[in-house]
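The values are calculated or read from the model by the stated rules, or taken from the named source; none is laboratory data. Remember, it's a predicted structure, so these values are computed and weren't measured experimentally. Quick reminder, even Gly has a Cβ in these numbers, built from the backbone with ideal geometry, and neighbours come from all protein chains shown.
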Amino acid sequence: MKNIYKNSSYNLNKAKGILKKNKIIAVPTETVYGLAGNAYSDNSVKKIYSLKKRPKKNPLIIHYYDLGLLKRDAVYDKNFLKLYNKFSPGPLTYILKKKPTSKVSKFANAKLKTIAVRFPKNKVIRSLLKKINFPLAIPSANISTGVSPTQPLDVIDEFNNKIKFILNGGKSSIGLESTVINLINKPRILRPGVISDIEIGKLLRKKILKNTVSKKIISPGMLKRHYSPGIPIKLNSKKADYKAAFIVFGKKYKLNKNMFNLSNKGDLKEAAKNLYKILRKIKKLKYKKINIVKIPNKNIGIAINDRLKRASN
Ligand code: TXA
Ligand code: MG
């Protein structure tokens with residue numbers, strides 16, 4: 001397929017070359033696919049905002065291979081290190097204080113004093129990060145407010161021919177964006193994900209605060225309307241409305257044409273992995289409306305419900 005490049009050392013070098021020229025590529029991560037650019041370059045970062053039509057006030061996550069380059073860019077403490085040692089590389093994003101001497105473009109973090117950092121686990125993006133001597137700004141590879149991509153073809157769906165190089169790292173194994181935790185004052189979850197407040201709380205021996213969709217938005221990027229397939233979604237439905245796509249979860253449903261099951265087994269991890277794929281499929285099939293059953297609000301179900309609430313806003 002045109003524009004999709006398989007994982008090979010030749011192609012990783014090619015990706016490196018493009019990034020060094022401050023151009024943008026698409027990359028895999030274990031959560032979702034992203035648009036990647038050199039985080040030290042104002043030009044790269046500006047290109048990302050413009051491709052995504054993203055509001056300039058919504059900061060990007062900076063992706064690192066390990067602590068090597070991070071030391072120059074952010075201030076961190078014991079709590080961070082405890083979490084880092086347990087959960088990174090992996091689907092956890094930390095909000096830290098940005099060092100005044102940091103080389104990260106001020107546009108990448110919307111001129112804030114803070115910076116979001118993550119160490120992705122997908123082995124293809126890790127091989128690429130290892131090869132370069134700058135971190136990558138990587139937001140999800142979708143037009144702003146839309147559904148995140150979880151495979152190379154979804155990136156083409158979003159950007160057509162505007163992204164000429166998509167590094168193939170297979171399907172994203174998690175399928176939902178990383179947990180975002182603010183570590184600057186009392187630890188607070190800004191965006192729920194697979195790594196839960198409970199797991200984090202256990203490790204830090206602290207109660208972890210949480211932002212909910214309804215509360216005041218304290219992070220500039222925690223937009224209420226997000227992750228949206230662009231058609232109305234009705235939550236907690238018992239049955240489908242006339243001509244609506246009906247998203248269900250668990251065994252008790254007999255599949256018919258308008259029905260899409262997030263997980264026949266009733267497995268929340270599987271549901272998370274399928275959610276964006278199914279939303280994208282429904283949109284392609286030109287349904288005008290979506291009904292979705294109530295999803296259990298525990299474990300990764302909390303993250304699923306967070307995205308659904310925003311998608312239905
Ligand atoms: O799983 C992920 O995190 C994916 C993959 C590609 O790594 N990336 C991702 O990026 O979801 P994006 O740009 O779609 O979402 C980044 C989130 C936004 O909600 C943004 O507001 C928040 O992180 N964020 C970034 N910097 C922040 C900061 N300094 N303070 C508070 N929130 C911040
Ligand atoms: Mg996003």
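The selection criterion, being within 16 Å of ligand 2 (Cβ to nearest atom) and either more than 12 Å from the chain's Cα centre (by Cα) or at pLDDT 95 or above (or both), does not hold for Ser127.
Using the structure shown, decide if Lys294 is part of a loop (DSSP other than H, G, I, E, B) and within 20 Å of Ala240 (Cβ to Cβ). Criteria met by Lys294.
Within segment 241-289, the set of residues being aliphatic (A, V, I, L, M), more than 25 Å from Glu177 (Cβ to Cβ) and in contact with a Lys or Arg (Cβ under 9 Å, 6 or more places away or on another chain) comprises just one member, Ala244. Restricting attention to segment 242-260, the residues that are part of a loop (DSSP other than H, G, I, E, B) and surrounded by 14 or more Cβ atoms within 10 Å (Cβ to Cβ) total 5.
Determine if segment 100-121 includes at least one residue that is within 16 Å of ligand 2 (Cβ to nearest atom), without any contact (Cβ under 8 Å) to a residue 60 or more places away in the chain and among the small types (Gly, Ala, Ser). There is no residue in segment 100-121 that is within 16 Å of ligand 2 (Cβ to nearest atom), without any contact (Cβ under 8 Å) to a residue 60 or more places away in the chain and among the small types (Gly, Ala, Ser). Looking across segment 141-180, the residues that are acidic (Asp, Glu), crowded, with 22+ Cβ neighbours inside 10 Å and away from ligand 1 (no atom under 12 Å from the Cβ) come down to Asp154, Glu158.
Scan segment 131-145 for residues that are within 16 Å of Glu30 (Cβ to Cβ) and more than 13 Å from ligand 2 (Cβ to nearest atom) and jot them down.
Across segment 131-145, the qualifying residue is only Leu136.
Based on this model, can you work out whether Ile115 counts as touching a strand residue (DSSP E or B) at 6+ places or on another chain (Cβ under 9 Å) and within 14 Å of ligand 1 (Cβ to nearest atom)? So Ile115 fits the description; yes. Search segment 27-62 for residues being closer than 15 Å to Ser148 by Cβ and touching a Lys or Arg at 6+ places or on another chain (Cβ under 7 Å), and hand back the single one that is surrounded by the fewest Cβ atoms within 10 Å (Cβ to Cβ). Only one residue tops the list, namely Leu51.
On the stretch given as segment 105-118, residues that are under 22 Å from Arg188 (Cβ atoms), in a loop (DSSP other than H, G, I, E, B) and not polar (S, T, N, Q) total 5. Apart from one condition, Lys23 fits all of (1) of a type in the set (D, E, K, R); (2) within 22 Å of the chain's Cα centre (by Cα); (3) within 16 Å of ligand 1 (Cβ to nearest atom); the exception is (3). Residues that are at pLDDT 95 or above and assigned to a strand (DSSP E or B) were ranked within segment 189-232; the one that is farthest from the chain's Cα centre (by Cα) is Leu209.
Scanning segment 275-306 for residues that are touching a strand residue (DSSP E or B) at 6+ places or on another chain (Cβ under 8 Å) and not hydrophobic (A, V, I, L, M, F, W, C) yields Lys281, Tyr287, Lys289, Asn291, Asp306. Report, by residue number, each residue of segment 291-313 that is over 17 Å from Val180 (Cα atoms) and in contact with a Gly (Cβ under 7 Å, 6 or more places away or on another chain). Ile295 - this is the single residue of segment 291-313 that is over 17 Å from Val180 (Cα atoms) and in contact with a Gly (Cβ under 7 Å, 6 or more places away or on another chain).
Could you please find all residues in segment 80-96 being crowded, with 17+ Cβ neighbours inside 10 Å and touching a residue at least 40 places away in the same chain (Cβ under 8 Å)? Correct list: Phe80, Leu83, Phe87, Gly90, Pro91, Leu92, Thr93, Tyr94, Ile95, Leu96. Taking segment 261-271 only, how many residues are surrounded by fewer than 14 Cβ atoms within 10 Å (Cβ to Cβ) and outside any loop (DSSP other than H, G, I, E, B)? Matching residues across segment 261-271 total 0. Determine, yes or no, whether Asn160 is free of Cβ contacts under 8 Å to residues at least 12 places away in the same chain and either over 30 Å from Lys207 (Cβ atoms) or more than 12 Å from the chain's Cα centre (by Cα) (or both). Answer is yes for this residue.
For every residue, the table says whether it meets (1) under 26 Å from Leu51 (Cα atoms); (2) within 16 Å of ligand 2 (Cβ to nearest atom).
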| position | (1), (2) |
| --- | --- |
| Val147 | yes, yes |
| Asp157 | yes, yes |
| Asn168 | yes, no |
| Gly175 | yes, yes |
| Ile181 | no, no |
| Lys186 | no, no |
